[in-house]
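The values are calculated or read from the model by the stated rules, or taken from the named source; none is laboratory data. On a predicted model such as this, the values are computed, not experimentally measured, just so you know. Glycine also receives a Cβ, built like all others from the backbone with ideal geometry; neighbour counts cover every protein chain displayed. Please note that ligands, DNA and RNA were not included when accessible areas were found on the heavy atoms of the full protein model with its side chains. Shrake-Rupley method; radii C 1.70, N 1.55, O 1.52, S 1.80 Å.
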Amino acid sequence: MLEDITAGREHNHGTQVTPANGQVTWSGLSSGWYRVTETVVPQGYILNSEEMVFYFDPPERLSGAFQHT
């Protein structure tokens, strides 16, 4: 799940299912603070309860990964 957590404009950008390549894309994001939360994992894996918080300033691209164990 991707959430804009910039003060005054909190917004949930929804969830996406990660495809085989492990990458998801959101478009139309403004500069600001965002939080990514893992909500579901494949059977046999442990849900990572840690949130990834980052500042995004277009047109830069971001990448990050949740570690599945």
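Observations
- Loop-located chymotrypsin sites (Phe, Trp or Tyr not before Pro) in segment 1-63 (DSSP state other than H, G, I, E, B) with a sparse environment of at most 16 neighbouring Cβ atoms within 10 Å: Trp26, Tyr45.
- The Cβ shell under 9 Å around Glu38 holds other residues with a net charge of -2, Lys and Arg each +1, Asp and Glu each -1.
- Percent accessible area from carbon and sulfur atoms, the chain, protein chains only, probe 1.4 Å: 51 percent
- Net charge contributed by nearby residues that have their C-beta within less than 15 Å of Thr15 (K/R +1, D/E -1): -3
- Normalised contact order of the chain, rounded percent, pairs of Cα under 8 Å and 6 or more residues apart: 29 percent
- Pair Val40, Arg9: separation of 7 Å Cα→Cβ label points (nm): 3.0 nm
- Scattering from the chain was approximated by placing one identical point on each alpha carbon and applying the Debye formula without solvent; log10 I(q)/I(0) at 0.20 1/Å stands at -0.88.
- Figure note: Val24, Val36 ranked by solvent-accessible area, largest first, 1.4 Å probe, ligands and nucleic acids not counted: Val24, Val36.
- Amide H to amide H, with H built 1.01 Å from N, His13 comes under 5 Å of Leu2, Glu3, Asp4, counting only residues 5 or more places away or on other chains.
- Over all other residues within a Cβ to Cβ distance under 14 Å of Glu51, the charged ones net out to -3, with Lys and Arg as +1 and Asp and Glu as -1.
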